[in-house]
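Q: For reference, the structure I am asking about is given below.
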There are 2 protein chains.
Amino acid sequence: MTTDKLEVASVATKANVYFDGKCVSHGIQLADGTKKSVGVILPATLTFNTGAAEIMECVAGACEYKLAGSSEWKKSAAGEKFSVPAHSSFEIRVAEAYHYICHFG
Amino acid sequence: MTTDKLEVASVATKANVYFDGKCVSHGIQLADGTKKSVGVILPATLTFNTGAAEIMECVAGACEYKLAGSSEWKKSAAGEKFSVPAHSSFEIRVAEAYHYICHFG
């Protein structure tokens, strides 16, 4: 099941634009103070570095991802999640568009 | 003064991607049911058609816009708004990035 709508308390109105717009996200904050972001990655192959650990939840579209230290590309589609450790990185390749919620920690 | 953060009730997790990603927005809903969107337009010259009337509020960056029937390009920067009638259109040209809140009606 995909998370089509997220109950939140506030949204940062200025987007985060990465890689010349290949990734665009907006920060959101829940009523309990938890911070997440919602975003989209457009067709590209990109490398992201993590500060905090992240769980990437796909809400539409799909991607393939490869965690640092792994040689295996895995697929993640709508309704699926993958976890990335803190202070690590992952490669992601997207053929159409990958819509996601990024959960931190 | 710019609206950096917007108190909302929910956010649509799937982005709206227009013009091959030159415009990306997320729908939001306030506690009273009002719908808006937050988005960003990347460097481009684009034409948007309106259904409902819209007020475009710039929260970061800037744009130039030209309403249907006008020959004049006007500038809109952070903290400024412009209105577009229902069932109309406007051209927008962006040199860096134009971050906005779109208020409907």
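The values are calculated or read from the model by the stated rules, or taken from the named source; none is laboratory data. In this text, all values refer to a predicted model and were calculated from it rather than measured experimentally. Positions of Cβ are generated from backbone atoms using ideal geometry, with glycine treated the same way; all protein chains shown enter the neighbour counts. Side chains are part of the model used for accessible areas, which takes the heavy atoms of the whole protein and leaves out ligands, DNA and RNA. Shrake-Rupley method; radii C 1.70, N 1.55, O 1.52, S 1.80 Å.
Q: How much accessible area per residue does chain B have, in Å², with a 1.4 Å probe?
A: 49 Å²
Q: Starting from the eigenvalues of the Cα gyration tensor, five times each then square-rooted, give me the equivalent ellipsoid semi-axes of chain B, largest first, whole Å.
A: The equivalent ellipsoid of chain B has semi-axes of 21, 15, 14 Å.
Q: Consider just the alpha-carbon atoms of the protein assembly as shown and return their Rg together with their Dmax, both in angstrom.
A: 17.6, 58
Q: Okay, moving on. When the accessible area of each residue in segment A:17-57 is compared between its chain alone and the complete protein assembly (1.4 Å probe; ligands, DNA and RNA ignored), which residues differ by at least 50 Å², being lower in the assembly?
A: A:H26, A:V38, A:L42
Q: Taking 24 Å as the cut-off for C-alpha to C-alpha distance, list the pairs among A:K66/B:K36; A:K5/B:K36; A:K22/A:K66; A:K36/B:K14; B:K14/B:K35; A:K5/B:K81 that go past it.
A: In this structure, A:K66/B:K36; A:K5/B:K81 exceed 24 Å between Cα atoms.
Q: Additional query: Run the numbers on segment A:79-105: which residues show a drop of 40 Å² or more in accessible area, chain on its own versus all protein chains together, using a 1.4 Å probe over heavy atoms?
A: When all protein chains are present, A:H99 each give up 40 Å² or more of accessible surface.
Q: Roughly speaking, what is the centre-to-centre gap between segment B:1-72 and segment B:76-105 when only Cα atoms are used, to the nearest Å?
A: Using only Cα atoms, the two centres lie 7 Å from each other.
Q: What residues qualify as long-range amide H neighbours of A:K5, i.e. H under 5 Å apart, gap of 5 or more or another chain, H built at 1.01 Å from N?
A: B:T13
Q: Let me ask something else. Taking all protein chains in place and a 1.4 Å probe, what share, in percent, of the accessible surface of segment B:10-104 do carbon and sulfur account for?
A: Looking at segment B:10-104 in its full context, I get 48 percent from C and S.
Q: Under a crude label model (7 Å from the Cα following the beta-carbon direction), how far is B:K5 from B:L46 in nanometres?
A: 2.7 nm
Q: Here's another thing I want to ask about it. Charges only on Cβ, +1 for Lys and Arg, -1 for Asp and Glu: so what's the dipole of chain A about the Cα centre, in debye to the nearest 20?
A: Once rounded to the nearest 20, the dipole reads 120 debye.
Q: Run the dipole for the protein assembly as shown about the Cα centre, Lys and Arg Cβ at +1, Asp and Glu Cβ at -1, nothing else charged, and hand back the magnitude in debye, nearest 20. Walk me through the numbers on the way to the answer.
A: On the way: 20 positive and 22 negative charges, 19 e Å.
Here the protein assembly as shown has a charge dipole of around 100 debye.
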